[in-house]
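J.: Can you read through this structure? Questions will come right after.
The values are calculated or read from the model by the stated rules, or taken from the named source; none is laboratory data. Please read all numbers here as calculations on a predicted model, not as lab measurements. Here the Cβ positions follow ideal geometry from the backbone for every residue, glycine too, while neighbour counts run over all protein chains shown. SASA here: full protein model, heavy atoms, side chains in, ligands and nucleic acids out. Shrake-Rupley method; radii C 1.70, N 1.55, O 1.52, S 1.80 Å.
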Amino acid sequence: MAAATPVALDHNFPEPLLRGVERWIPEFAFHWIKSLPPHDLNRLEDHDLVYELHRRAFPVMATNNHKMLDDKRVLVAVEQTRLTVVAIEGAGDDPVFATGVLLRDLRDVLKGNTPQGMYVRIKPSRVRLRRAKTRLTDELGVDWAEAKADFGRPFGDRQEYPPGHDYRVR
């Protein structure tokens, strides 16, 4: 098995949450920037942080500060150091959401990383609820009445258990 890729994380990623899933993603070793000695790296300007992470041999940095990629100094630093920056856009101040987006996309980001001074702005997708009946009729072209007759169950078979029943969850 290949060695774990060290990933520097900014303060937006909750350590307890990522520590809890580390065993399922052994290809990454997470390091929080605020915990790296001398414990003041979070005070550095973004471009200086890129150079410092490079000096420490980090190939990847993940941040919720996507605006850092609008700074010319940061882009020069990324190109010179060949650091890959994963910037999550649109997560706001929601660290759990940002962590989910990071976990969803980090493997794909690193597949294309050689490293070459790359960056990616990941825009999270939002859930869009849709009616099952609409998919059935409009997209799959199925007649609702026929589908209900062929696959549905009578009302008595789909009635909720009464309050207080052992099988009922609420």
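J.: In square nanometres, what is one fourth of the surface area of the convex hull spanned by the alpha carbons of the chain?
T.: Mean projected area of the Cα convex hull: 16.2 nm².
J.: Continuing with the same structure: Extending each Cα 7 Å along its Cβ direction at A145 and R121, get the distance between those two points in nm, one decimal.
T.: The answer from the label model is 5.2 nm.
J.: Tell me the angle of helix 72-81 to the major Cα principal axis of the chain, expressed in degrees between 0 and 90 and rounded to the nearest ten.
T.: Relative to the chain, helix 72-81 is tipped by roughly 80 degrees.
J.: With a point put 7 Å past each Cα toward its Cβ, work out how far R82 is from E45 in nm, to one decimal.
T.: It is 2.6 nm.
J.: Nearest 10 degrees, 0 to 90: what angle lies between the long axis of helix 95-111 and the longest principal axis of the chain (Cα atoms)?
T.: 70
J.: Among the lysines, which fall within straight-line cross-link reach of K72, defined as a Cα-Cα distance under 28 Å, with same-chain neighbours fewer than 8 residues apart omitted?
T.: K34, K111, K123
J.: With all protein chains present, how much of the accessible area of the chain (probe radius 1.4 Å) comes from carbon and sulfur, to the nearest whole percent?
T.: Working: 6070 of 11680 Å².
That fraction is 52 percent.
J.: Follow-up question, since we're still on this one. Would you calculate, for the chain, the mean residue ellipticity at 222 nm contributed by helices, counting each DSSP H stretch of 4 or more residues as -39,500 (n - 2.57) and dividing by all residues, to the nearest 500? List each step's numbers first, then the result.
T.: Values: 5 runs with 52 residues, N = 170.
When only DSSP H runs of four or more count, the value is -9000 deg cm²/dmol.
J.: For L9, which sequence-distant residues (separation of 5 or more, or a different chain) have an amide H within less than 5 Å of its own amide H, given hydrogens modelled in the peptide plane?
T.: Those lying under 5 Å, H to H, from L9 are H31, W32, I33, A62.
J.: Compute the angle between helix 46-55 and the longest alpha-carbon principal axis of the chain, please, reported from 0 to 90 degrees and rounded to the nearest 10.
T.: Rounded to the nearest ten degrees, it is 80.
J.: Quick one: accessible area per residue over the chain, 1.4 Å probe, rounded to a whole number of Å²?
T.: On a per-residue basis, 69 Å².
J.: Considering only protein heavy atoms, with the full assembly of protein chains and a 1.4 angstrom probe, order K67, K133, K148, K72 by accessible area, largest first.
T.: K72, K67, K148, K133
J.: Work out the FRET efficiency for W24 and R131 from their Cβ-Cβ distance, taking R0 = 41 Å, and round it to the nearest 0.05.
T.: Once the sixth-power term is evaluated, E becomes 0.75.
J.: Mind giving me the FRET efficiency for R56 and H11? R0 is 22 Å, r the Cβ-Cβ distance, nearest 0.05 is fine.
T.: Given R0 = 22 Å and the Cβ-Cβ separation, E is 0.80.
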